[in-house]
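Notes for the one structure printed next.
The values are calculated or read from the model by the stated rules, or taken from the named source; none is laboratory data. Please read all numbers here as calculations on a predicted model, not as lab measurements. Neighbour counts are summed over all protein chains in view; Cβ atoms, including those assigned to glycine, are modelled from backbone coordinates with ideal geometry.
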Amino acid sequence: MEINLTVLYNRSEILIDDDIAYEDLASNLIKKLDPVHIKGYVKYNLSEEIELNLEVKGKMFLTDSITLDLIPYEFKFTIAETFTENDENFVKITKNNQNILDIKEILWENIVLEVPISYTQASGKKLKGDGWELNGE
C-alpha cells in the first residue's frame, strides 16, 4: 500500500482500513500468509513529522516444530512510528524520491518480527513414527 505524501501534506491525515496481500514471501519461516488487515491512520503533524499508527491482524502458516505439519498462527500487533523527512529510515521506505510512502515494507518488517522461534500444536499428542515413539516431554 502506497501513500502519496503530497496528498498527506494537503489533508494532514489519511485513514486506512484495508487488506494487504503478500504474494512473494521473503521468509523461509512463513510458509503462507493470508491477507493482512490494517486499520489506523497516517498523519502529518505540526512538528512536520509523519506519524504512522496502525493495528495489524492476520494469520500466517508455519511449520510445526515437532510434527512438521503446516499450522496456522494468528497475530495481532500495533505499529506506532514517527518519521521525519531527514531520517534515514524515512528514505528507505519512500520510493526513489517519488514522494510515496510504502507502508507494505514497514508492515512486512513487523510481521517477520512476530514469527515465533518455535511453535507447535502437538502438545498432549502421542507422537510416534517408523521405529520411534515419544514417551514423555
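Annotations
- Looking across the stretch 3-47, just one residue is in contact with a His (Cβ under 9 Å, 6 or more places away or on another chain) and aliphatic (A, V, I, L, M), and that is 20.
- Condition met for residue 46 (surrounded by fewer than 16 Cβ atoms within 10 Å (Cβ to Cβ) and either part of a strand (DSSP E or B) or within 13 Å of the chain's Cα centre (by Cα) (or both)): no
- The set of residues from the stretch 64-85 being among the polar types (S, T, N, Q), assigned to a strand (DSSP E or B) and over 18 Å from the mean Cα position of the chain (by Cα) comprises just one member, 84.
- When residues of the stretch 8-17 are limited to those that are loosely packed, with under 12 Cβ neighbours inside 10 Å and not polar (S, T, N, Q), the one farthest from residue 60 (Cα to Cα): 13
- Of all residues assigned to the stretch 25-37, at least one qualifies as being exposed (fewer than 14 other Cβ atoms within 10 Å of the Cβ), touching a Phe, Trp or Tyr at 6+ places or on another chain (Cβ under 8 Å), assigned to a strand (DSSP E or B) and not aromatic (Phe, Trp, Tyr).
- Identity of the residue in the stretch 3-24, in contact (Cβ under 8 Å) with a residue 24 or more places away in the chain and in a strand (DSSP E or B), that ends up nearest to residue 68 (Cα to Cα): 20
- Subset of the stretch 49-63 (residues that are closer than 17 Å to residue 104 by Cα and within 17 Å of the chain's Cα centre (by Cα)): 52, 53, 54, 55, 56, 57, 58, 59, 60
- Residue 107 meets all of the listed conditions (1) in a strand (DSSP E or B); (2) surrounded by 12 or more Cβ atoms within 10 Å (Cβ to Cβ); (3) at pLDDT 85 or above but one, namely (1).
- The stretch 25-38 residues that are without any contact (Cβ under 8 Å) to a residue 60 or more places away in the chain, paired with ones that are surrounded by 14 or more Cβ atoms within 10 Å (Cβ to Cβ) and among the β-branched types (Val, Ile, Thr) (beta carbon under 7 Å, 6 or more apart): 31/63; 35/20
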